[in-house]
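Novice: Structure provided below as structure tokens; questions to follow.
The values are calculated or read from the model by the stated rules, or taken from the named source; none is laboratory data. From a predicted model like this one, the values you see are computed outputs, not experimental measurements. With ideal geometry, Cβ positions are generated from the backbone for all residues, glycine too; neighbour counts draw on all protein chains shown.
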Amino acid sequence: MSSGAPATPAIQVMDVVKVFDGGVVRALDGVSLEVAPLEFVAITGPSGCGKSTLLHLIAALDHPTSGTIIVHGRDLRMAGNERFRRREVGLVFQLHNLLPNLTALENIEVAMFSNGMTHREQRARAAELLGSVGLGRKGRTTPPRLSGGERQRLALARALANRPSIILADEPTGSLDSTSVEMVLDLLRAIREQQGVTIVLVTHDAHVAEAADRVIRMRDGHVVAAVDAPPSG
Amino acid sequence: MSFAGLIARNVYTRKVRSILTGAAVAIGIMTVVALGVLTHSLNRTAVSVLRTGSADFTVAQKNVSDVLYSAMDEGDITRIQQTPGVASVVGVLVAAVQLDSAHPFFLELGIQPDALANFGVSVVAGRPYAANATGEVMLGYRAARDLNKSVGDNIVIDGNKFKIVGIFSTGQVFGDSASMLPLTNLQTLERKPGAVTLAFVKVTPGANIDAVRAKIEHDNAQLATVRTQAEFGRVDRNLRLISAANVGISILALAFGAIGVMNTTAMSVFERTREFGVMRAVGWTRARVIGLVMGEAALISLLGACIGIALGFAAIRLIQRVPELIGVFQPDYTASVFARALAIAMGMALIGALYPAIRAALLSPLEALRHE
């Protein structure tokens, strides 16, 4: 994807700095990068290198100390955070963050409140998404009764609920066994192809990073390398 | 799933929290309902003395602790009679006695026989008592039916034996449940010579009732006029105090209920920090988070209010068995008591859940997601 025709980047990160504790911790130190539409990018690096912080800034879960982040041509400082998260991005977390008292279907539906759909449409969309991640028969099952891999697939389905253009995944395979890891990676690739979304995945696992089109390596708050992943197979 | 469905689901699945919060609300509402019905019913019983005869309004001594302690003399009655716009004044001495254990609150009305017509009395059986008779009495038809008495029977009231010479009707429930005897005789029996308790006033056709009342009160500073139940506190300080206590205890119930709701809701918000982080992360607005927390508190408070109302009914049943209240306390379930209970329950939810809801809404999504 990185070698495709020039297009407006899906994500532009320009000289972004993020400090914590009044400047004691400099998590990001002048990070700049671009992600093309429909690209699958993996951000890797050791713990504490700033990769998750960068993902949170792109998701508008936090604000940069300085610098600019532009998503689909819109500066995030000008975008309403809730509206942006609801319409533009789908988030997947390492700990899946599902609501344990709700069924699989309901976990997807809560992400669709305020999106203008009727309850019937929301239920149909949730069922469709569950089917697409292989959980069509688990609609009435609550998360505690799902396996780790199933929970992560459910989290992925929830991330897709509002038809986002970007999926941001923070260590989505971090707590999964190898079989489930492969299943989730296959699913991410399939989603990218079928639904036409851009994917940014944060991982410290080199094998997982190989699933992406491009790997961005970070260290101590800096981008140190950006390389195309070798063709799989 | 609808937003309301999510609220209901959260209330149902978090049973312990819901039960604790609902219990706090239920206890408060039970207090409000029981006290409200008790106060209203006592008020109604006390006001009954004003409803024994037909009149446009009633006059009594101002600010007495109990309306039965009101005392007016013949001079007061004469001055009221002379007020422009007054058509008739009937001075009545009222005494409340215990007839027997089943009738602890029985009214004796002392009234001259020539005033019976103006008081709205129709003798439906027998005859009126004589003006100076000492052993004659008339019973209201409801009292006669209740006591299984008829003309010619004898009856002992407050230790005095009377012959029932007539049965009367006033068209007023309380009047028809009372007895009547000559004013002078009751004054003697009560050791209140020349005194009456109340004056029942009718105005001339076309007269402005409020203007007549104002004139009477202006000319007689020691007297107060009463036309409605709400005004009864002007001539019965005890009832005013009971009503004030009712309001005070309702406010306390609201405060304690709200603290209960706040306590459990705040705990719940803390425990669910990560959940709110997820909701904010998937695009929920702060307003929707507030709506969720407030909605859950409102639903729990509503359920607690229903239980509290049921408990209030049970409490009233128990109160009815208190010997001192038998006959005096006839529960009067008015819509206003239950409307107030529901309003207080919603107040508990609003006041109690507002702060935790705002806290939940102001959580940083990122910090909330990191919450253990």
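Novice: Collect the residues in the stretch B:51-87 that are among the acidic types (Asp, Glu) and more than 25 Å from the chain's Cα centre (by Cα), keeping them in residue-number order.
Specialist: Across the stretch B:51-87, the qualifying residues are B:ASP73, B:GLU74, B:ASP76.
Novice: May I pose another question? Go through the residues of the stretch A:142-152 one by one and say whether even a single one is within 16 Å of A:ASN97 (Cα to Cα) and of a type in the set (Asp, Glu).
Specialist: Checked against the condition, which is being within 16 Å of A:ASN97 (Cα to Cα) and of a type in the set (Asp, Glu), the stretch A:142-152 yields at least one hit.
Novice: Report whether or not A:ALA60 is small (Gly, Ala, Ser), more than 10 Å from every other protein chain (Cβ to nearest Cβ) and buried (at least 22 other Cβ atoms within 10 Å of the Cβ).
Specialist: no
Novice: Kindly state which helices (runs of 4 or more DSSP H) lie completely within the stretch A:118-233 and contain at least 3 residues that are in contact with a helix residue (DSSP H, G or I) (Cβ under 9 Å, 6 or more places away or on another chain), away from chain B (no Cβ under 14 Å) and surrounded by 20 or more Cβ atoms within 10 Å (Cβ to Cβ).
Specialist: So the answer is A:148-159, A:178-195.
Novice: Next up: Look at B:GLY312 and say whether it is surrounded by 23 or more Cβ atoms within 10 Å (Cβ to Cβ) and away from chain A (no Cβ under 12 Å).
Specialist: The answer is yes for B:GLY312.
Novice: Could I ask something else about it? Can we say B:VAL16 is of a type in the set (Val, Ile, Thr), modelled with pLDDT under 90 and more than 28 Å from A:PHE113 (Cα to Cα)?
Specialist: no
Novice: Further, regarding this structure: What's the number of the only condition in (1) surrounded by fewer than 17 Cβ atoms within 10 Å (Cβ to Cβ); (2) within 14 Å of B:VAL165 (Cα to Cα) that B:GLU136 fails to meet?
Specialist: Going through the list (1) surrounded by fewer than 17 Cβ atoms within 10 Å (Cβ to Cβ); (2) within 14 Å of B:VAL165 (Cα to Cα), B:GLU136 breaks only (1).
Novice: Taking the stated definitions as given, is B:ALA244 surrounded by fewer than 17 Cβ atoms within 10 Å (Cβ to Cβ), of a type in the set (A, V, I, L, M, F, W, C) and within 14 Å of chain A (Cβ to nearest Cβ)?
Specialist: No: the conditions fail for B:ALA244.
Novice: Could you list, in sequence order, all residues of the stretch B:207-247 that are in contact with a strand residue (DSSP E or B) (Cβ under 7 Å, 6 or more places away or on another chain) and either at positive phi or assigned to a helix (DSSP H, G or I) (or both)?
Specialist: B:ILE209, B:VAL212, B:ARG213, B:ILE216, B:GLU217, B:PHE232, B:ARG234, listed by residue number.
Novice: Please name all residue pairs, on different chains or six or more residues apart, with Cβ atoms under 6 Å, provided the first residue is in the stretch A:166-177 and is closer than 21 Å to A:ARG87 by Cβ and the second residue is buried (at least 23 other Cβ atoms within 10 Å of the Cβ) and small (Gly, Ala, Ser).
Specialist: Pairs that qualify, where the first residue is closer than 21 Å to A:ARG87 by Cβ and the partner is buried (at least 23 other Cβ atoms within 10 Å of the Cβ) and small (Gly, Ala, Ser), are A:ILE167/A:GLY90; A:ILE167/A:ALA159; A:LEU168/A:ALA59.
Novice: Being more than 10 Å from chain B (Cβ to nearest Cβ) and surrounded by fewer than 19 Cβ atoms within 10 Å (Cβ to Cβ) is the filter; apply it to the stretch A:77-106 and report the residue that is farthest from A:HIS204 (Cα to Cα).
Specialist: Only one residue tops the list, namely A:MET78.
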